[in-house]
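K.L.:
Mind looking over this structure? Questions follow.
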Amino acid sequence: MPFSLEEGAAAVVLARETLDAHVSGAVAKPRPLSLDALSEQRGVFVTLNLASASVEERLRGCIGFPLPVKKLGEAIREATVAAASEDPRFPPIAKSELDSVVIEVSILTRPEAIEVSRPQDLPARVRIGTDGLIVSRSYLSGLLLPQVATEFNLDQTEFLSQACLKAGLPADSWLDGETKVQVFQAEIFAESHPRGKVVRLNPES
């Protein structure tokens with residue numbers, strides 16, 4: 001079942017409250033999750049973007065759970081804290097940045113393997129703006145959310161290559177039959193501006 005805007009807004013508000021409490025050093029007051037949807041087990045990613053930066057520079061943290069291993073509300077809390085302070089690409093979010101950060105929550109479907117007879121057929125099975133990618137081989141794995149392809153104007157082949165690079169693999173590893181490629185979809189909700197109204201984002205728009 002798709003998430004309603006009310007449910008998506010509740011997810012983003014929960015992430016905002018968690019971020020503010022974690023960065024400011026306050027003790028977050030656990031509160032009951034007001035919607036049943038937040039008690040579902042779902043995969044989720046929390047993305048922190050700088051509102052005034054360019055597309056290439058705005059990412060400030062992004063961490064999540066690809067698989068539905070936790071209740072959504074719990075996963076959002078944990079992913080928010082991790083995105084703020086544990087993303088190895090960035091220093092921890094500072095208190096002075098809180099009013100410059102836009103929070104984005106991507107609620108994921110369960111990943112599914114793409115079944116093709118030849119790896120060369122993979123690009124035709126990837127829907128830009130709809131599908132996210134998980135590429136894995138051995139102990140290496142890389143995930144790209146659906147919105148990455150549209151934000152950076154990637155075609156299917158480029159998207160697959162970037163997912164391989166994210167996994168620490170050569171860019172053309174998706175052509176190797178030993179490499180596993182999975183797709184998933186996401187419902188994306190975000191603040192329209194820092195602390196602003198929550199909107200549903202359509203990666204195809």
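K.L.:
If you average over every viewing direction, what projected area does the convex hull of the Cα atoms of segment 21-122 give, in nm²? The partial results should precede the final answer.
P.N.:
Numbers: hull surface 35.7 nm².
Approximately 8.9 nm², given one-decimal rounding.
K.L.:
Here's another thing I want to ask about it. What is the distance in Å between the Cα centres of segment 154-205 and segment 43-84?
P.N.:
Segment 154-205 and segment 43-84 have Cα centres separated by 14 Å.
K.L.:
Taking only Cα atoms, what is the 0 to 90° angle, nearest 10, from helix 156-166's long axis to the longest principal axis of the chain?
P.N.:
On a 0 to 90 degree scale, this one is about 70.
K.L.:
Moving on. Farthest toward the dipole's positive end in the chain, which of Val69, Leu160, Gly177, given Cβ charges of +1 (Lys, Arg) and -1 (Asp, Glu) about the Cα centre?
P.N.:
Val69
K.L.:
Give the dimensionless ratio obtained when the Cα radius of gyration of segment 94-205 is divided by 2.2 N^0.38 Å. Present the calculation step by step, with values, prior to reporting the outcome.
P.N.:
Working: Rg = 15.6 Å, N = 112, 2.2 N^0.38 = 13.2 Å.
In units of the globular-protein estimate, segment 94-205 measures up at 1.18.
K.L.:
Among the lysines, which have Cα under 29 Å from the Cα of Lys180 when same-chain residues fewer than 8 positions away are ignored?
P.N.:
Candidates past the 8-residue exclusion: Lys70, Lys71, Lys166.
K.L.:
What list of ³J(HN,Hα) couplings, whole Hz, do you get for segment 135-149 from phi and the Karplus terms 6.51, -1.76, 1.60, once you set θ to phi - 60° and write x for glycine and proline?
P.N.:
10, 9, 8, 6, 8, 9, 8, x, 10, 10, 5, x, 5, 4, 4
K.L.:
Between beta-carbons, use under 13 Å as the cut-off and find the net charge around Ser106, counting Lys and Arg +1, Asp and Glu -1. Intermediate results must be reported in sequence, preceding the final value.
P.N.:
Details: positive: Arg42, Arg200; negative: Glu104, Asp131, Glu151, Glu187.
Within the 13 Å Cβ shell, the charges total -2.
K.L.:
Check the straight Cα-Cα distances from Lys95 and name the lysines below 23 Å, setting aside those fewer than 8 residues away within the same chain.
P.N.:
Lys29, Lys197
K.L.:
Treating the angle as unsigned and between 0 and 90°, give the value, to the nearest 10°, between the Cα long axis of helix 72-85 and the longest Cα principal axis of the chain.
P.N.:
Orientation of helix 72-85: about 90 degrees from the principal axis.
K.L.:
Given 20 °C and 1.002 mPa s, compute D for the chain with the Stokes-Einstein relation, Rh being the Kirkwood radius over Cα pairs; round to the nearest whole µm²/s.
P.N.:
Values: Rh = 17.4 Å.
After rounding, the answer is 123 µm²/s.
None of the figures in this text is laboratory data; all of them are computed from the coordinates on show. Not measured: the values here are computed from a predicted model. All Cβ positions, glycine included, derive from the backbone under ideal geometry; neighbour counts span all protein chains shown.
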